[in-house]
Amino acid sequence: MKLPSVSSFSLKDAMRQVAGGVSVITAGIGEERTGLTATSAVSLSVEPPTMIICVNRQASAWPVMRRYRHFCVNVLAEHQHAVADRFAGRGGAKGVARYEHAAWQPLATGALSLEGALASIDCEIEEFIDRHSHSIVVGAVRAVRVTPGRPLVYAQGGYGGFAAA
């Protein structure tokens, strides 16, 4: 029995219903810094500490990650939606310009940590697993910074905050 195919629009529409924390993924050093906004950064394991991100191989950050073999997951606080927009490419910012109007600090791998992010998880890349248009990037955690605050959440095409019940 052949199952029906599902359109990419249908899947995107369905996934917009899932509320997720917003992260900015940074990679590169100096003038080769770039990054992207993601809602798909997850821990693979805590023993050993390992993260997974999924990156479109057409994204400007993908070849930089391959070259530098690092990334930093910066979990955004609810007031950092402007940073999320810049790294999502809204307003046309690319590469190093995405880092403007915020303070950054290098961690163990050289990837940059956002000042005021709720968490910054610095990873050395262990493996790239290519599937369809994306690469699943597996990173060994080399440094972690945590700051108190409330997370930025994305759902149904917009940003919001989160308050525990």
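The values are calculated or read from the model by the stated rules, or taken from the named source; none is laboratory data. All of these numbers come straight from a predicted model, not from anything done at the bench. Here the Cβ positions follow ideal geometry from the backbone for every residue, glycine too, while neighbour counts run over all protein chains shown.
Close contacts from the range 146-160, counting a first residue that is more than 15 Å from V83 (Cα to Cα) and at pLDDT below 95 and a second that is aliphatic (A, V, I, L, M) and surrounded by fewer than 13 Cβ atoms within 10 Å (Cβ to Cβ), with Cβ to Cβ under 6 Å and a gap of 6+ residues or different chains, come to A155/A19. Set side by side, the residues S113, S135 differ, and just one is modelled with pLDDT of 95 or more and touching a Ser or Thr at 6+ places or on another chain (Cβ under 9 Å), which is S113.
Residue count for the range 39-51 satisfying the condition of being within 15 Å of V138 (Cα to Cα) and either surrounded by 18 or more Cβ atoms within 10 Å (Cβ to Cβ) or not hydrophobic (A, V, I, L, M, F, W, C) (or both): 9. Residues that are more than 28 Å from A163 (Cα to Cα), in contact with a helix residue (DSSP H, G or I) (Cβ under 8 Å, 6 or more places away or on another chain) and surrounded by fewer than 21 Cβ atoms within 10 Å (Cβ to Cβ) within the range 68-88 comprise just one, Y68. If you go through the range 106-118 and keep only what is among the small types (G, A, S), on the phi < 0 side of the Ramachandran plot and surrounded by fewer than 20 Cβ atoms within 10 Å (Cβ to Cβ), you end up with just A108.
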